[in-house]
């Protein structure tokens, strides 16, 4: 890993965050919901950057983007309510708990910026980290929150044809994991029908899952 510097778009502070060398990222397998399982360092722990001064948080690829003045008041509200427990450092190596805290901060800021698709992604990644900790209860709680925001993402965001299969896949997959079989069938059906001619691994995985659900429920 190495230290990378970022300029905070809110307070202009130069903050440092750990980043994993690309050639050191080794994926050994995927779970059924596309969660990558890494060998060695887990880059999921370092995907979000947290400003060390004002605690503004976003995914690394979003962090330095300017925040629209429209959302600045909501962002400030979030900052005023943040309480960082003593001893937590986001610029050092992170354990799972620190990473989950960073994702939780990211959900607050993406919510303030009215980005439900990103909020959904943050909760999904939190669920994955809880899974790695074998914390089933919190994994399911995070998945339930992810589902709410994926639904909002699907209904309110202008999704492009590249992103929509991913959103439909997670609407189906998370519904299935939460025992909402009817909803899962509906979302997977929509995915494989609307995107039957699209070469996407989300479509393929959705088709496989859809077929297995149909066999289960016969």
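How far is helix 136-156 tilted, in degrees, relative to the longest principal axis of the Cα atoms in the chain, given as a value from 0 to 90 rounded to the nearest 10? Roughly 80 degrees, rounded to the nearest 10. Using just its DSSP H runs of length 4 or more, each adding -39500 (n - 2.57), the chain gives a mean residue ellipticity at 222 nm of -17000 deg cm²/dmol after division by all residues. Helix 69-81 sits at what angle to the longest principal axis of the chain, using alpha carbons and giving 0 to 90 degrees rounded to 10? Approximately 80 degrees, to the nearest 10.
Ranked by the mean number of other Cβ atoms within 10 Å of their residues, highest first, the peptides 77-86, 56-65, 109-118, 209-218 fall in the order 109-118, 56-65, 209-218, 77-86. GNM on the chain, alpha-carbon springs under 10 angstrom: the most fluctuating residue among 129, 171, 159 is 159. Seen against the Cα atoms of the chain and their longest principal axis, helix 116-132 is set at about 90 degrees.
Bear in mind these aren't lab numbers, they're just calculated from the coordinates by the rules spelled out. Just so it is clear, the model here is predicted, and its values are computed rather than measured. Because the Cβ atoms are built from the backbone with ideal geometry, glycine has one as well, and the counts that use them run over all protein chains shown.
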